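Trainee: A single structure is presented below for examination.
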Amino acid sequence: MTNQIKIAVIGVGRWGVHLLRNFLAHPQVDVVAVVDPHPERLAAIKQQFNLDEDVVLTTQWHDLKKVSGLTGVAIATPAITHYALIKDSLQQGYHVLAEKPLTLDPAECRELCQLAEQHHLILMVDHTYLFHPAVERGKAVVQAGKLGDLRYGYATRTHLGPVRQDVDALWDLAIHDIAIFNAWLGQIPVKVQATGTVWLQAEDVKTRGMADLVWITLTYPDNFQVYIHLCWLNPDKQRRLGIVGSLGSLIFDEMLRSSPLTLLHGEFEQQGNQFIPVNQRQVVLELEPGEPLGRVCDRFVVSILNNTPSEVSSGWVGTQLVEILAALTVSLEQGGKPIFLKRL
């Protein structure tokens, strides 16, 4: 295999345009085609990125079959379309980078992972946070035991839109924080619970409604619990996640762009029947530079060139997360009933 690969980007909406930007800047990638059902988007990205005339711009996915030597595709389309697009791509012999979630059905995810393995192709999911320098550093801190005995975790992810029509706030937002907690803890939950509220897209005879607010509880094998608050109907934009231990807390606050990862030292010293806070100090952790999405794209390229799946964000990692979201959906629909997860 040469050190230059040909890639097509499928979907150049709000997120796909950033994938396109990163692949265009990658020295080992030749972007040969862009697919989007909206002609005005194709015209806009051609002008924005000054694309060469030989880059195929098309509204039809099947036109890619006419592109010679295509190596891989990056798919950034609505989640409901992923299964068919990914399956067809793999059957055509293309490596695939798919926007999260991999699909909306765990059985479909497993099928796609097996298909990729059968054809010796890379199937990677764009779980961008797993490539964030703060998440990588945070994992090292937690797994080095610097927080002492782990007590609990929490996260808040709120904003005012965008409100999606294909998935609810659970499927749109929860996957980020669950992926981070799984990575930091080196485990996946064994029990999940979710409750939610619908305001904007109310239930009717054809739909169960789209939850705008969701509260999640995750229980891990050692009984460590995580609490997550999700809402896309809240102008108080927050992207904050933390783990509390006996020696302090680790906080990832994405809104603090210059210092997103902080280690808060502090513990209790018992004096009689009193608990006195001691050893309190704050340390802002230094991070390696680099755009997380750029790292995702580079990992996809390296995986293709070396024929080595990404352990961080493989199709199987994506499948685990979809399995968790599917179980949370069952709990949500049953008013918060605890759902136990089977091992993949």
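Trainee: Keeping to the range 232-243, report how many residues are open to solvent by 10 Å² or more (accessible area, probe 1.4 Å) and of a type outside the set (D, E, K, R).
Mentor: Residues meeting the conditions: 4.
Trainee: Among the residues of the range 260-275 satisfying the criterion of being open to solvent by less than 30 Å² (accessible area, probe 1.4 Å) and under 19 Å from Lys139 (Cα atoms), which is farthest from the chain's Cα centre (by Cα)?
Mentor: By that ranking, first place goes to Leu263.
Trainee: If Val312 satisfies every condition in (1) surrounded by fewer than 17 Cβ atoms within 10 Å (Cβ to Cβ); (2) touching a helix residue (DSSP H, G or I) at 6+ places or on another chain (Cβ under 7 Å) but one, which is the exception?
Mentor: Going through the list (1) surrounded by fewer than 17 Cβ atoms within 10 Å (Cβ to Cβ); (2) touching a helix residue (DSSP H, G or I) at 6+ places or on another chain (Cβ under 7 Å), Val312 breaks only (1).
Trainee: Now for a different question. Identify, please: which residue in the range 186-226 is of a type in the set (D, E, K, R) and at pLDDT 95 or above and is, among those, most open to solvent (accessible area, probe 1.4 Å)?
Mentor: Selected residue: Lys191.
Trainee: Only residues that are within 15 Å of Phe23 (Cβ to Cβ) and crowded, with 17+ Cβ neighbours inside 10 Å: list them for the range 37-50, please.
Mentor: Result: Ile45, Phe49.
Trainee: Something else about it: Right, Ile75: open to solvent by 20 Å² or more (accessible area, probe 1.4 Å), touching a residue at least 60 places away in the same chain (Cβ under 8 Å), among the aliphatic types (A, V, I, L, M) and under 18 Å from Trp171 (Cβ atoms) or not?
Mentor: Criteria not met by Ile75.
Trainee: Determine which single condition Ser331 fails, assuming it passes every other condition in (1) open to solvent by less than 10 Å² (accessible area, probe 1.4 Å); (2) in contact with a helix residue (DSSP H, G or I) (Cβ under 9 Å, 6 or more places away or on another chain); (3) not acidic (Asp, Glu).
Mentor: (2)
Trainee: For the range 319-327, check the following and say yes or no: at least one residue is in contact with a Pro (Cβ under 6 Å, 6 or more places away or on another chain) and of a type in the set (Asp, Glu).
Mentor: Yes, that holds for at least one residue.
Trainee: Could you tell me whether any residue of the range 253-274 is closer than 16 Å to Ile178 by Cβ and of a type outside the set (Ser, Thr, Tyr)?
Mentor: Yes, that holds for at least one residue.
Trainee: Considering only residues that are of a type in the set (A, V, I, L, M), in contact with a helix residue (DSSP H, G or I) (Cβ under 8 Å, 6 or more places away or on another chain) and open to solvent by less than 10 Å² (accessible area, probe 1.4 Å), which ones fall in the range 141-166?
Mentor: Scanning the range 141-166 gives Leu147, Ala155.
Trainee: Next question, about the same structure. Taking the range 2-42 on its own, how many of its residues are assigned to a loop (DSSP other than H, G, I, E, B) and touching a residue at least 40 places away in the same chain (Cβ under 8 Å)?
Mentor: Residues in the range 2-42 being assigned to a loop (DSSP other than H, G, I, E, B) and touching a residue at least 40 places away in the same chain (Cβ under 8 Å): 8 in total.
Trainee: Tally time: how many residues in the range 237-274 are free of Cβ contacts under 8 Å to residues at least 12 places away in the same chain and in contact with a helix residue (DSSP H, G or I) (Cβ under 6 Å, 6 or more places away or on another chain)?
Mentor: 0
Trainee: Shifting gears a bit: State whether the residues of the range 160-178 include one that is over 29 Å from Val17 (Cα atoms), outside any loop (DSSP other than H, G, I, E, B) and either in contact with a Phe, Trp or Tyr (Cβ under 6 Å, 6 or more places away or on another chain) or at pLDDT 95 or above (or both).
Mentor: No, the conditions are met nowhere in the range 160-178.
The values are calculated or read from the model by the stated rules, or taken from the named source; none is laboratory data. Please read all numbers here as calculations on a predicted model, not as lab measurements. Every residue, glycine among them, receives a Cβ derived from its backbone with ideal geometry; neighbour counts consider all protein chains shown. These area figures cover heavy atoms from the full protein model, side chains too; ligands, DNA and RNA do not enter into them. Shrake-Rupley method; radii C 1.70, N 1.55, O 1.52, S 1.80 Å.
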